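Shown next, in structure tokens, is the structure this report addresses.
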Amino acid sequence: KNMIKLTLLLIFVLILKISALENQTEKSIILIADDKLGEDKRIRNIIGNLYPMIAKEKGNLIRVQSKTTFQTKKENELAIHIEQLNDSKRKHEEYYTVHCMDNECQVNFSRPRSLLYALEKIMKNFDGKTLYKENNKHVDSKNIRGHQMGYRYTSNSYDSMTVERFMKYATELTTQGANTIELVAPDGEKSPHFQLSQIDMLSNVTNELDKADIDVSIWYPTNSMYWDTMDVFKRAKRLDHLFIPSADPGDMTFDELVDFVQKIKPEVKNIFPQIKIWISVQGYGQKDFNKFLEKAMNAQLPVDGIVFGPQTFIGLKAIRDVLPQNYLLRTYPDICHALKCQYPQANWPTYLSITHQREPILVRIQQYIDIYNQNSPYMDGFVTYSEGLMDDVNKHVYNYISTHAHPESVTAEEIAKDYQKAFLPKEKADTYKGIVRLESNWFPENAYEQYLNETLNYFVPDYNNWRATMLYFRASYDLYQFYKSLAAASSFEVTRRDLEVAIESADDSYFLSEIQRLRSKIMMNIHGNYTIINPKYSPILHFILSNAEHLYSMTGIKLSYKPPYSAKPGRGGLLDTIYNMDTDGVYLVNLIDSVAGQPIKEQKKTLNLYLKRGSVGVLGSNSAAVLHADIGRLSDKDAFVYNHSMPIKDDFMFFDHGIVQMNTFVYDLNHKNALPIEWMTYGQSMYETPAQFYIQHLDPTAKYRIEIVYVGDHRNDPDWKVGLIAYNIHTHEVKTIHEPIVKPDPPRALSFDIPDGAVAENGEIRLFVQPSIQGKYKNGRLAQVAEFWIFHRH
């Protein structure tokens, strides 16, 4: 039966391929240019090479003809007359005009890349008949609109690119509104996918970007290669911007960074006199940041601009308020990560977070619209932080909104429609609805079969279009994980009940054989033997695996660290985490193994404590907990607060989104040190802002203790500690529950007495997890709490 199903599936895939080829209808387009335009190497490259290459993939055949020899065009052939403006004032502006009617267009443009913008506008918006006009000058948009494309092993797909494929993608981004590509300086790390050395790739790509009139930036950490010889600058054909990050990577203090810039600046400027130099203030603590502010306010920074990126503990507006206007300020938004990052995915269901993990196929249109509009008044532009092609939709968000006359009015549906017009097959006209829904697929309220199925139905895989295939893969992956989560939860609940029966049994031999049976059952599922999954869902899994192969062959997107994909571990390996389950299966297996050989009474005691941990804690209590808080799974109203003036709700705890992020601990679930599933998710505050818990309905005369679990970053790091204090809102007394301590690695439950007098007369206690950081702030993630219990203390 399985072979029949697989055969039918392969036949269906073949039909889709044939259908896709049949639907590729070529549209003939003539670009009619004055002879003198051919003398400009950039324009010649754009109309004779780059744009025809892009247009061909969309089914458009472009040919170039001289204005002096052009006489007539064929019926239904689109003729585009192009003319460069002879206006010295607009030489460097991104200006163009378009006028189209009855398969005839007139394009006037200022600089070469403006021609790319104009041609793409025609391709997307002109139907061949209806009058179409546009007069677009990007003076109201951001001057820097870029994306990072790092040719390095850390990247998920850029390291697989040839120069031609790199330029094709860079040009596609430019046609949609970008004007800058940021390269990454050679770091010396080898990728099995490199076809050129990093320095040779940089040399070739900068030459090609220059021929396309695309600005070039380079992200160049102080610990990268070739600073001593300046080979990067000597080999590059064009560099418009140099960005030297202060952290991630980089360990220099602010004074050391300023000294470094002053040292290299003359030689860099000697090679590229017009280059703009940028630094960031990422990872700095208050001491270094104060030094930055002092030099900034006194206009003593040896740079042209500041980059606001991840790991910056102060807001963009606060920097703009103190930064003199002669310094530029751009953002460096992380658009490729969903966990442990600048913009973590909020309230992500665990079954998705542990399978998609940090670097998924990320579609977050509305969220990035909101982020862009929040930052827009204070920035001169942006270069997105990208690790490959899986954030392609998010790049389009930034391209579209940054060149829109009214970015505050842009909607997610509008951007998705434009993305479909630009890149996806026209046969399925409502695909844009599915693109919008991919973002809401990850909202807890939409974690049900009908919604996820409806999302999937908006997509059709097209093996001539990598974007269509990638989006179909994402929708399929979401649905499969939902099915798997339901089946895994059901199976594991049976396992727990069977374990409880075995523990209660007086037959020791039955107990021993039963826990080994349960262990084997869990291990079968861990290793992908999906006896728990209904067979009717298996075609989705087969489709996912097949699509992964197609994505890799088309684009180099690597969905596994295993050959042939050979991605760097932790960088988008969705096939490596596809079988992760949001249950305690692995943890229970390790627990069974840890007690093997002990007296049966002790084995039962340990396993029984595991079953009852929700009420008695990890360490075990003689009485049930007064409160158990699984932080990562609490609803919005249940967990943390920041605003002291908020009214107390009639719950034990409550939450304000203004300060705390929910996150997921990216941990290898197949590892021998696997943690309880409750510890995979946590709440966190950032930098030295405390995570705060308001708890009600306690007895002010009773004695309590707390059992708490710290997880996440900077475990076993002596420079990063957390303390726990209690605050009585009536007496205003501050009570220390524990002094700053190093978070244990691996995480474990810690027990502390709550001091007498910490609970106010009204039964409320306020707990503060206080970070204590020595030196640089780095990523600022320290006050990270997964779970806690409050018990009576006898």
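Coupling constants for segment 182-192 follow from the phi torsions by the Karplus curve (6.51 cos²θ - 1.76 cosθ + 1.60, θ = phi - 60°), and in residue order they are 9, 8, 10, 5, x, 10, x, 7, 7, 10, x Hz; glycine and proline get x. What the phi angles of segment 680-696 give under the Karplus curve with 6.51, -1.76 and 1.60, with θ = phi - 60°, is a coupling list of 6, 10, 7, x, 8, 10, 10, 6, 9, 7, x, 7, 10, 10, 9, 10, 10 Hz, glycine and proline written as x. For the pair segment 379-452 and segment 275-303, the centres of their Cα atoms are 34 angstrom apart.
Near Ala412: Cβ cut-off under 14 Å, other residues only, Lys/Arg at +1 and Asp/Glu at -1. The net charge is -2. Seen against the Cα atoms of the chain and their longest principal axis, helix 508-526 is set at about 10 degrees. For the chain, the cysteines with no partner cysteine C-beta closer than 4.7 Å are Cys336, Cys341.
For segment 197-351, what class follows from the C-alpha gyration tensor (a ≥ b ≥ c being the square roots of its eigenvalues): rounded when a/c is under 1.5, otherwise prolate if a/b is larger than b/c, else oblate?
Details: a/c = 1.80, a/b = 1.20, b/c = 1.50.
Oblate, since a/c reaches 1.5 and b/c is not below a/b.
Using a cutoff of 8 angstrom between alpha carbon atoms and counting only pairs six or more residues apart, the relative contact order for segment 267-368 works out to 22 percent. DSSP loop GluC sites (Glu not before Pro) in segment 150-204 with at most 15 other Cβ atoms within 10 Å of their Cβ, which ones? Of the GluC sites (Glu not before Pro), the ones in loops of segment 150-204 whose Cβ has at most 15 other Cβ atoms within 10 Å are Glu189.
With θ taken as phi - 60° and the Karplus curve 6.51 cos²θ - 1.76 cosθ + 1.60 applied, the whole-hertz 3J(HN,Hα) list for segment 586-595 is 5, 4, 5, 4, 5, 5, 4, 5, 5, 9 Hz, x standing for glycine and proline.
Using the Cα gyration tensor of segment 334-471, with a ≥ b ≥ c the square roots of its eigenvalues, what is the shape: rounded (a/c below 1.5), prolate (a/b larger than b/c) or oblate (neither)? Oblate. Which lysines, if any, have their Cα less than 19 Å from the Cα of Lys276, not counting same-chain residues under 8 positions apart? Lys276 reaches Lys142, Lys234, Lys237, Lys263, Lys265, Lys295.
Between Tyr510 and Met225, what FRET efficiency follows from the Cβ-Cβ distance if R0 is 45 Å, with the result rounded to 0.05? Spell out each step's value before the answer.
Details: r = 64 Å, r/R0 = 1.42.
That gives a FRET efficiency of 0.10.
In segment 55-151, which GluC sites (Glu not before Pro) fall in coil by DSSP and have 11 or fewer other Cβ atoms within 10 Å? Passing sites in segment 55-151 are Glu75. Excluding ligands, DNA and RNA, the accessible surface per residue across segment 336-403 is 19 Å² with a 1.4 Å probe.
Number of Lys-Lys pairs in segment 27-78 with C-alpha atoms under 12 Å apart and a separation of 8 or more places or on different chains: 4.
Using Cα-Cα distances under 8 Å and only pairs 6 or more residues apart, what relative contact order does segment 398-550 have, in percent? Reported relative contact order: 18 percent.
Hey, any idea what % of the chain's accessible area is carbon plus sulfur with a 1.4 Å probe?
On the way: 16150 of 32260 Å².
The value for the chain is 50 percent carbon and sulfur by accessible area.
In summary, the lysines within cross-link reach of Lys735, defined as a Cα separation below 20 angstrom excluding same-chain residues under 8 places away, comprise Lys703, Lys721.
Taking Lys and Arg as +1 and Asp and Glu as -1, the other residues whose beta-carbon sits under 10 Å from that of His730 total -3. The residues of segment 750-790 present an accessible area of 29 Å² per residue when probed at 1.4 Å with all protein chains retained. Ordering Thr689, Gly556, Val494 by the projection of their Cα atoms onto the charge dipole of the chain, which places +1 on the Cβ of Lys and Arg and -1 on the Cβ of Asp and Glu, puts Gly556 at the extreme positive end. The chymotrypsin sites (Phe, Trp or Tyr not before Pro) of segment 428-484 meeting both criteria, a DSSP state outside H, G, I, E and B (loop) and at most 15 other C-beta atoms within 10 angstrom of the site's C-beta, are Tyr448.
Over the chain, what relative contact order in percent results from Cα pairs under 8 Å that are six or more residues apart? Each step should come with its number before you reach the end.
Numbers: 1542 pairs, mean separation 77.1, N = 794.
For the chain, the relative contact order is 10 percent.
Per residue, the accessible area of segment 153-285 comes to 33 Å², computed with a 1.4 Å probe over protein heavy atoms only.
The values are calculated or read from the model by the stated rules, or taken from the named source; none is laboratory data. Everything numeric in this text was worked out from a predicted model, so none of it was measured. A quick note on method: Cβ atoms are made from the backbone with ideal geometry, for glycine too, and the neighbour counts reach across all protein chains shown. With ligands, DNA and RNA removed, areas are computed over all heavy atoms of the protein, side chains included. Shrake-Rupley method; radii C 1.70, N 1.55, O 1.52, S 1.80 Å.
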